[in-house]
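Only one structure is covered here, and it is reproduced in the block below.
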Ligand code: UD1
């Protein structure tokens, strides 16, 4: 009897039914970058004036960040792909754990709150399934700018000592080029007194996007996108309109969807330069790539095994490691994937094996022997990008797969199944 209850509950879990042997064609449209949009929303806390951000993707992570800003008393107006934020009044500088839990990007609020109001209290975002994900570098950066920071009972409390309530420009060399730490220090330093420099800064396009918006708000940042960023502190920032860059990880996922289904597809809009390492690996494994302005056409040939090591930008992005593994599990020959960013980002392997993939994992390295065909199975993505990998594998497999873990998928992919269906896939969502 107990078993019967469990089965019926399982059946009701939200899932996608993905038909295999799919062929895609036409164009796949890319939304705005999740990781940019999230940090840009928090950057709007730096001014009392209204900020309008366009090309905002429709994602549950964006809903989560909007709720956090609303909780602080910020005015927020959303239309389909835009958001207007006015933080003329901020009632709370303390974020409640239930809003922060599950949205790591919530920690981005610490830099702007501290710079603007002189204090912030944010629960630690904690670890997640892909790795421990500490924020020690963010904290070290804030301390370098003169903040007093304590971590107690799982909460980070930051304040600026002294009467001026101003951070002080400083020179910081990051231990590792952390995206989040670079963004936190950047947002804190724009209103600091004097010049700050960040060396060993993250070079990801999302850091550059943040710097571009901050400069449009009146900040004086140079060098973002390179390893050394210089920030001349200014007295205050003003409002602006800004458009988020296209999501390079969604674009890469679409290119891989085309490759795994051996389909010719155009993916746009993209900034091709943001995908350099990914495009090189697609070429290496047998795809022809044609770049035209803001679109990329992929023409897959016979897919052959290759080796990939994840690296900070401009290297191969960890966020496309699982989706690329799905493709290489269907390649001719052997591939080796080494994960260098996160210590626990191989969880998709077990699920891929259930679909007939031949993969052996040792530590952070996976050895993949390509198989001629994957076979459909009920699978579950344990995190955002492994869920995407499950969808890709299912598109190429024999039979109909049931993909669970949609709460992960919906965090980072806007209407994924609708976009893929428009290009010829057959995916049904059961909520
Ligand atoms: C961001 C992205 C995420 C992506 C990651 C790496 C957002 C919202 N998320 O995450 O999608 O996978 O970049 O490209 O933008 N580290 C430390 N100490 C720190 C901070 C980080 O050791 O204080 C380590 C982490 O454990 C990890 C590596 O640095 O091994 C990269 O992390 P980081 O660049 O900070 O990633 P996030 O900003 O969290």
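The values are calculated or read from the model by the stated rules, or taken from the named source; none is laboratory data. Bear in mind that the values here come from a model prediction, so they are computed numbers and not experimental data. Glycine gets a Cβ as well: all are built from the backbone with ideal geometry, and neighbour counts include every protein chain shown.
Yes/no matrix, rows are residues, columns are (1) modelled with pLDDT of 95 or more; (2) under 16 Å from residue 17 (Cβ atoms); (3) crowded, with 24+ Cβ neighbours inside 10 Å:
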residue	(1), (2), (3)
354	yes, no, no
365	yes, no, no
372	yes, no, no
378	yes, yes, no
388	yes, no, yes
391	yes, yes, yes
394	yes, yes, yes
398	yes, yes, no
401	yes, yes, yes
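May I ask you to say which residue of 180, 225, 218, 194 is in the same structural domain as residue 86 (by TED's automatic domain parsing), on the phi > 0 side of the Ramachandran plot and either crowded, with 20+ Cβ neighbours inside 10 Å or within 16 Å of the ligand (Cβ to nearest atom) (or both)? Walk me through it before giving the result.
On the way: 180 fails: on the phi > 0 side of the Ramachandran plot; 218 fails: either crowded, with 20+ Cβ neighbours inside 10 Å or within 16 Å of the ligand (Cβ to nearest atom) (or both); 194 fails: either crowded, with 20+ Cβ neighbours inside 10 Å or within 16 Å of the ligand (Cβ to nearest atom) (or both).
Sole residue among the options that is in the same structural domain as residue 86 (by TED's automatic domain parsing), on the phi > 0 side of the Ramachandran plot and either crowded, with 20+ Cβ neighbours inside 10 Å or within 16 Å of the ligand (Cβ to nearest atom) (or both): 225.
So for the stretch 259-271 (the condition being modelled with pLDDT of 95 or more and within 16 Å of the ligand (Cβ to nearest atom)), does at least one residue qualify?
So the first thing to find is which residues in the stretch 259-271 are modelled with pLDDT of 95 or more, and the list is 259-271.
Pick out the ones that are also within 16 Å of the ligand (Cβ to nearest atom) and you get none.
Checking the stretch 259-271: not a single residue is modelled with pLDDT of 95 or more and within 16 Å of the ligand (Cβ to nearest atom).
In the set 164, 157, which member is modelled with pLDDT under 95, touching a strand residue (DSSP E or B) at 6+ places or on another chain (Cβ under 8 Å) and outside any helix (DSSP H, G or I)?
Checking each option against the conditions leaves just 164.
For the stretch 125-133, check the following and say yes or no: at least one residue is part of a strand (DSSP E or B), within 12 Å of the ligand (Cβ to nearest atom) and either under 23 Å from the mean Cα position of the chain (by Cα) or closer than 19 Å to residue 35 by Cα (or both). Walk me through how you get there before you give the answer.
Residues of the stretch 125-133 part of a strand (DSSP E or B): 128, 131.
Going one step further and asking which of them are within 12 Å of the ligand (Cβ to nearest atom), we end up with 128, 131.
Filter once more, keeping what is either under 23 Å from the mean Cα position of the chain (by Cα) or closer than 19 Å to residue 35 by Cα (or both): 128, 131.
Checking the stretch 125-133: at least one residue is part of a strand (DSSP E or B), within 12 Å of the ligand (Cβ to nearest atom) and either under 23 Å from the mean Cα position of the chain (by Cα) or closer than 19 Å to residue 35 by Cα (or both).
Taking strands (runs of 3 or more DSSP E) that fall entirely within the stretch 312-431, which contain at least 2 residues that are out of contact with any strand residue (DSSP E or B) (no Cβ under 7 Å at 6 or more places or on another chain) and outside the structural domain of residue 178 (by TED's automatic domain parsing)? Don't jump to the end; show me each part of the working.
On the way: elements: 334-338, 358-362, 365-369, 378-380, 400-404, 427-430.
Fully inside the stretch 312-431 and qualifying: 358-362.
Quick one: which residue in 177, 134 is out of contact with any helix residue (DSSP H, G or I) (no Cβ under 6 Å at 6 or more places or on another chain) and without any contact (Cβ under 8 Å) to a residue 60 or more places away in the chain? Steps first, answer last, please.
Values: 177 fails: without any contact (Cβ under 8 Å) to a residue 60 or more places away in the chain.
Step by step, each of 177, 134 is checked, and only 134 is out of contact with any helix residue (DSSP H, G or I) (no Cβ under 6 Å at 6 or more places or on another chain) and without any contact (Cβ under 8 Å) to a residue 60 or more places away in the chain.
What residue, of 172, 186, is part of a strand (DSSP E or B), under 19 Å from residue 234 (Cβ atoms) and within 15 Å of the ligand (Cβ to nearest atom)?
Numbers: 186 fails: part of a strand (DSSP E or B).
So the residue among 172, 186 that is part of a strand (DSSP E or B), under 19 Å from residue 234 (Cβ atoms) and within 15 Å of the ligand (Cβ to nearest atom) is 172.
Of the numbered conditions (1) surrounded by fewer than 16 Cβ atoms within 10 Å (Cβ to Cβ); (2) more than 20 Å from the chain's Cα centre (by Cα); (3) within 15 Å of the ligand (Cβ to nearest atom), residue 141 fails exactly one; give the number of that condition.
Only one criterion in (1) surrounded by fewer than 16 Cβ atoms within 10 Å (Cβ to Cβ); (2) more than 20 Å from the chain's Cα centre (by Cα); (3) within 15 Å of the ligand (Cβ to nearest atom) is unmet by residue 141, namely (1).
List every residue pair whose Cβ atoms lie under 6 Å apart, where the two residues are 6 or more positions apart in sequence or sit on different chains, the first residue falls within the stretch 99-115 and is modelled with pLDDT of 95 or more, and the second residue, located anywhere, is in a helix (DSSP H, G or I) and away from the ligand (no atom under 12 Å from the Cβ).
Correct list of pairs: 111/187; 111/188; 112/45; 112/46; 112/187; 114/188; 115/188.
How many residues does the stretch 302-334 contain that are more than 16 Å from the ligand (Cβ to nearest atom) and within 11 Å of residue 365 (Cβ to Cβ)?
If we filter the stretch 302-334 for residues that are more than 16 Å from the ligand (Cβ to nearest atom), which is where we start, we get 302-307, 326-334.
The next check asks that each one be within 11 Å of residue 365 (Cβ to Cβ); those that pass are 307.
So the count comes out to 1.
Say we look at the stretch 144-153 and pick out the residues that are away from the ligand (no atom under 16 Å from the Cβ) and not in a strand (DSSP E or B); which of these is surrounded by the most Cβ atoms within 10 Å (Cβ to Cβ)?
Among residues in the stretch 144-153 that are away from the ligand (no atom under 16 Å from the Cβ) and not in a strand (DSSP E or B), the one surrounded by the most Cβ atoms within 10 Å (Cβ to Cβ) is 146.
Regarding the stretch 195-204, can at least one residue be identified that is at pLDDT 95 or above, part of a helix (DSSP H, G or I) and in contact with a helix residue (DSSP H, G or I) (Cβ under 9 Å, 6 or more places away or on another chain)? Can you show your working first?
Going through the stretch 195-204, the residues at pLDDT 95 or above turn out to be 195-204.
Those left that are additionally part of a helix (DSSP H, G or I): none.
For the stretch 195-204, residues at pLDDT 95 or above, part of a helix (DSSP H, G or I) and in contact with a helix residue (DSSP H, G or I) (Cβ under 9 Å, 6 or more places away or on another chain): absent.
Anything in the stretch 100-120 that is crowded, with 18+ Cβ neighbours inside 10 Å, more than 13 Å from the ligand (Cβ to nearest atom) and over 17 Å from residue 191 (Cα atoms)? List them, or say none.
100
What's the number of the condition residue 175 fails, among (1) over 29 Å from residue 50 (Cα atoms); (2) in contact with a strand residue (DSSP E or B) (Cβ under 8 Å, 6 or more places away or on another chain); (3) surrounded by fewer than 17 Cβ atoms within 10 Å (Cβ to Cβ)?
(2)
Answer yes or no as to whether residue 125 is in contact with a helix residue (DSSP H, G or I) (Cβ under 7 Å, 6 or more places away or on another chain) and free of Cβ contacts under 8 Å to residues at least 40 places away in the same chain. Before the answer, list the steps.
Values: in contact with a helix residue (DSSP H, G or I) (Cβ under 7 Å, 6 or more places away or on another chain): yes; free of Cβ contacts under 8 Å to residues at least 40 places away in the same chain: yes.
For residue 125, the condition - in contact with a helix residue (DSSP H, G or I) (Cβ under 7 Å, 6 or more places away or on another chain) and free of Cβ contacts under 8 Å to residues at least 40 places away in the same chain - is met.
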